[in-house]
Amino acid sequence: MECISVFDMLKIGVGPSSSHTLGPWRAAERWIQELKNSGKFDNVKKITVDLYGSLSLTGKGHATDYAVMLGLSGANPETIPTESIDVVIASIKNTNTLMFNNEIPLTFHPETDIVFNRKFLPFHSNGIKFSATINDRKTSSTFYSIGGGFVVKEERKNSKKNKEIFNNTFPYPIALGTELLEYCKTLNLPISSVVLENEKSIRPMETIDFELQRIWSTMLECMYIGCHTEGNLPGGLNVRRRAYDMHQNLKGNLPYETPQEWLESIRLTEVKFRQILKWVSCFALSVNEVNASLGRVVTAPTNGSAGVIPAVLMYYMVIENHDADFEHIKKFLLVAGEIGSIFKKGATISAAMGGCQAEIGVSSAMAAGALCELLGGSPEQVLVAAEIAMEHHLGMTCDPIGGLVQIPCIERNAMGAIKAINAAELALDTDPENVKVPLDKVVQTMWETAKDMNSKYKETSEGGLAVGVNMADC
C-alpha cells in the first residue's frame, strides 16, 4: 500500500485531462530523468513516442500529443504560461525541431514520431513508450498513466519502498474507511485533523499551509477566468462557453478587480434560493471550460472532474458560511484528499479503467465528505456522505464525443457538485448506525463495476454518446 498525500490527490496542472495530458507530460519528464541518471541523455540523437489504448484512441481530443511534446521540451505544467502552449507547439511543427529538455535540438516530426497505436498494453489502458536512438542503438522505456496525473512503470520497482514509507512514515496509515474511523475514535479527532497529522509527518506545517493555499488560489483563479471568458471552446465541437453568460446574469453590478475581491463580492450578495443551484453550476462549469481549453486547473482527483470540489467549496463559502476562512478551506481539502486516496487504493480514479464513476463519482464523494465535516458532521457522517455520493454514480460511463473533455464531461461536473451537496445534507440527517452500505463496500462495488464494464465505455470514444452523436452535426 503506497503513501498517498493530499498533494498527490490535488495536483496543479494543465488541462484537459490528468490521465491523458498531465500523466504523459510527467512521464516524459521521468524518462528524461532516467536518461540523465544513466548518463545517456547527452548522446540522444533521435526520439519517438508510442501511445497505446485509451491514450491513442482519445489522445488527439485530450491533447496527449501536445502534452508529450511539452514534457519532452522541458516545460513545467505547474508554471508554464498557458498562453505560450500554442506557440511552443507551433514552433515544433513548423521547424520539425524539438529542444529536448530545453537543452538539445533534435529533429522531430510530430505526425510520424508520435505514433497512435490502437492496441492496448496488458498492464493498463493508458500506455506510453518513449524510444531514443543512442550510438545507433535504440533504447525504450514504457510508462502507464493510471489517472489523476499518477504515472507508474509495470515493474513497480519502488513498490517495496512505497510500502515502507506508508507503514513507517505516516503515523496513521489508512487504506479503508473503517481504519480512518478507528483513528478518529481513538484520537478523538475529526477526519481533517487525523489527515493533517499524517501530512505533518512528511512536511513542515508552513509548507502544508503554503501548498494548500496555492491549490485553493489556483482553483479560485480558474473559476474567475472561466466566469470571465466567453466564446467557443477549441476542438471542433463548437461548444459555447456557458459560465460567462450564467455569471453575467447572476452577478449584477458586483464591484471587483481580482479573484479574491470577486469572491468577497459574491459573499456579500443576497443569493435567492433558486439562484443557489445556478451559482454552483456556474462555478463547476467555469472550471471545466478552462480545463477544456488547456487552462490551468487542479486535479480533484482528475482534470475531467476538476470542477466539483471548487464548486462545492465555493458553495460553502458564499452560501453556508460567509465568515469561512483559510482554516475551513484547509479542512475541506484535507478531508477531500483523504477520501480520494481511499478510492484510489481500493478501486481507481482512472476513467480508462473505471469509466466516469472513477472521476465524477469520486470527486463528488470527496466533496460530499468534505462539506459534511464543515457543516458539523461526525466522522461517521462524513463517510456516509461520501458513500451516498458515489452510490448514485455507480456505473457511469466515460464516452466523450470526439475524445474531447467537453460533452458530457463539463455538465457532469455541475451535476456531481449538486449531488455532493445533496449527499452531505442527507448524511447530516442520517444515523450512521442505520447505514446499510458502508463506504468501503461502495468502493469495492465500484471496482467490481469497473471490471465488468465494457471497454468501449472507458474513455475510448467507441461507445455511448461518442458514437450516438455525429461531430459533423455539432
If amide H atoms are built 1.01 Å from N in the plane of the peptide, which residues on other chains or at least 5 residues away come under 5 Å of the amide H of Gly149?
Ser19, Gly23
Taking the Cα centre of the range 163-473 as origin and charging only Cβ (+1 Lys, Arg; -1 Asp, Glu), how large is the dipole, in debye to the nearest 20?
640 debye
Estimated vicinal HN-Hα couplings, Hz - the range 213-218 in sequence order (Karplus 6.51, -1.76, 1.60; Gly, Pro = x):
5, 5, 5, 5, 4, 5
Select from Ile319, Val194, Gly252 the residue farthest towards the positive end of the dipole of the range 163-473; place +1 on Cβ of Lys and Arg, -1 on Cβ of Asp and Glu, and compute about the Cα centre.
Gly252
Hey, which of these cross-link pairs are over 21 Å Cα-Cα: Lys344/Lys458; Lys129/Lys451; Lys36/Lys153; Lys60/Lys93; Lys200/Lys331?
Lys129/Lys451
Against the longest principal axis of the chain, how steep is helix 409-428, in degrees 0 to 90 to the nearest 10, with axes from Cα atoms?
30 degrees
For a quick check: with amide H placed at 1.01 Å from N, whose amide H comes under 5 Å from Thr97's, ignoring anything fewer than 5 positions away on the same chain?
Phe108
With Cα atoms, 0 to 90° folded angle of helix 159-168 axis to the chain main axis
30 degrees
Calculated from backbone phi, Karplus (6.51, -1.76, 1.60) coupling profile of the range 453-465 in Hz, x at Gly/Pro
5, 4, 4, 5, 9, 10, 6, 10, 6, 10, x, x, 4
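Just so you know, all these numbers are worked out from the coordinates, no wet-lab data involved. In this text the structure is predicted, and so the values were computed from the model without any measurement. Positions of Cβ are generated from backbone atoms using ideal geometry, with glycine treated the same way; all protein chains shown enter the neighbour counts.
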